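None of the figures in this text is laboratory data; all of them are computed from the coordinates on show. Keep in mind that what you see is a predicted model, and the values were worked out from it rather than measured. Neighbour counts run over all protein chains shown; Cβ positions are idealised from the backbone, glycine included.
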Amino acid sequence: METETKTRTVVKERVLRHAPGKVWRALTQKHLIEEWLMRSDFKPEIGHRFDLEAEWGKVSCEVLAVEPLKTLSYSWAAHGLESVVTWTLTESATGTHLRMEQSGFGPGQDQAYHGATAGWTQFLDRLEEVIADLDKGDGQ
């Protein structure tokens with residue numbers, strides 16, 4: 001009997017009316033990450049290990065790639081899931097095209113896959129609010 005070894009990926013994309021610099025800030029500044037995602041000790045440095053913490057538990061992460069204003073990637077390990085989250089920012093005429101990809105959902109991880117599919121939609125909604133609030137603040 002052949003074993004299913006395919007992995008699945010959650011992809012979410014948004015077109016934001018904000019410059020890549022503002023989107024990048026919300027993805028990489030600890031106090032802003034806490035507003036839209038979870039508590040963390042994140043630093044945008046390759047090899048930096050950090051945790052994301054929520055009421056339901058902790059996610060262990062490591063920064064894998066940083067290309068300012070373009071790409072951010074980190075491992076995402078929690079509850080038996082070993083995955084990678086990659087953010088890609090592409091400047092557009094009206095702002096930024098943001099793509100989030102979480103890859104590595106294996107067979108038998110349907111609950112994690114469906115949870116991530118719903119969860120990332122909520123996180124991205126909050127991310128948009130945080131970025132919009134930057135407009136009201138310092139204007140950078």
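Our helix-only sum for the chain, with -39,500 (n - 2.57) per DSSP H run of n ≥ 4 divided by its residues, gives a mean residue ellipticity at 222 nm of -10000 deg cm²/dmol.
Taking θ as phi - 60° and the Karplus parameters 6.51, -1.76 and 1.60, the scalar couplings of the stretch 51-60 work out to 10, 10, 10, 9, 4, 7, x, 10, 10, 8 Hz in sequence order, x denoting glycine and proline. Model label sites at residue 34 and residue 64, defined 7 Å from Cα along the beta-carbon direction, differ in position by 2.7 nm. Each Lys and Arg contributes +1 and each Asp and Glu -1, all at the Cβ; summed about the Cα centre of the stretch 17-134, the dipole is approximately 280 debye. Here's how it looks for residue 106: its modeled amide H is under 5 Å from those of 8, which are all 5 or more places away or on a different chain.
For the chain, the alpha-carbon radius of gyration amounts to 1.07 times the rule-of-thumb value 2.2 N^0.38 Å expected for a compact globular protein. Note on residue 91 and residue 117: the model spin-label points, each 7 Å out from Cα along the C-beta direction, lie 3.6 nm apart.
Simple spin-label estimate for residue 12 and residue 77 gives 2.4 nm between the two label positions (7 Å along the Cα-to-Cβ direction from each Cα). 3J(HN,Hα) couplings calculated from phi for the stretch 11-26 with the Karplus curve 6.51 cos²θ - 1.76 cosθ + 1.60 (θ = phi - 60°) are, in sequence order, 10, 10, 10, 9, 9, 10, 8, 9, 5, x, x, 5, 5, 4, 4, 5 Hz; Gly and Pro show x.
The mean sequence separation of alpha-carbon pairs under 8 Å and at least six residues apart, normalised by the residue count of the chain, gives a relative contact order of 29 percent. Ignoring lysines fewer than eight residues from residue 12 along the same chain, the ones with Cα atoms less than 19 angstrom from its Cα are 22, 70.
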